[in-house]
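I have placed the structure first, in the form of structure tokens, so that the comments after it can refer back to it.
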Amino acid sequence: MSANEDIGALTGTGSTEHLDPGRKYGFPDPSNKVNWTCTFCKKVCKGGVYCLKQHLVGGFRNVTKCPTCLEHVREEVKVFMIKKAEAKNVSQMMPSVDDADEYDDVEELGT
Ligand SMILES: [Zn+2]
């Protein structure tokens, strides 16, 4: 059926949310979408999918590191979070005038 193919094409493109690894390794509580359950240790992260990713990667002060998460999963989620942060910086396209001033101050203090 061509109609079904059209729907598949629409859902397959556009949204990038399904690429979020947090959605692969956790699932939201249907009654409360900020509660995400880790598929490895079944811990519930009550801060949304971002909190779940912090739980998987570990090293975040307010989030317990997942004790049973696989190492390659940890890497995958970490890389995704870094890429997302970089994409955010690029999309802002702000001239880094403030940064340049700060570096000048540091160099003057150092010499
Ligand atoms: Zn976990």
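The values are calculated or read from the model by the stated rules, or taken from the named source; none is laboratory data. It should be emphasised that the depicted structure is a prediction, and the values quoted were computed from it without experimental measurement. No Cβ is skipped: glycine too gets one built from the backbone with ideal geometry, and neighbour counts run over all protein chains shown.
Being over 20 Å from VAL44 (Cα atoms), of a type in the set (A, V, I, L, M, F, W, C) and free of Cβ contacts under 8 Å to residues at least 60 places away in the same chain is the filter here, so list the residues in the range 65-80 that pass it.
The one that is over 20 Å from VAL44 (Cα atoms), of a type in the set (A, V, I, L, M, F, W, C) and free of Cβ contacts under 8 Å to residues at least 60 places away in the same chain: VAL79.
From the set of residues in the range 31-43 that are modelled with pLDDT of 95 or more and more than 18 Å from VAL73 (Cα to Cα), which is nearest to the ligand (Cβ to nearest atom)?
Taking the range 31-43 and keeping what is modelled with pLDDT of 95 or more, we get 31-32, 34-43.
Now restrict to residues that are more than 18 Å from VAL73 (Cα to Cα): 31-32, 34-35.
Values: SER31: 21, ASN32: 18, VAL34: 16, ASN35: 14 Å.
Filtering the range 31-43 for residues that are modelled with pLDDT of 95 or more and more than 18 Å from VAL73 (Cα to Cα), the one nearest to the ligand (Cβ to nearest atom) comes out as ASN35.
Restricted to the range 46-78, and to residues that are more than 11 Å from the ligand (Cβ to nearest atom) and assigned to a loop (DSSP other than H, G, I, E, B), which residue is farthest from ASN32 (Cα to Cα)?
GLY59
Kindly indicate whether any position in the range 8-15 is surrounded by 10 or more Cβ atoms within 10 Å (Cβ to Cβ), outside any loop (DSSP other than H, G, I, E, B) and modelled with pLDDT of 95 or more.
No: zero hits.
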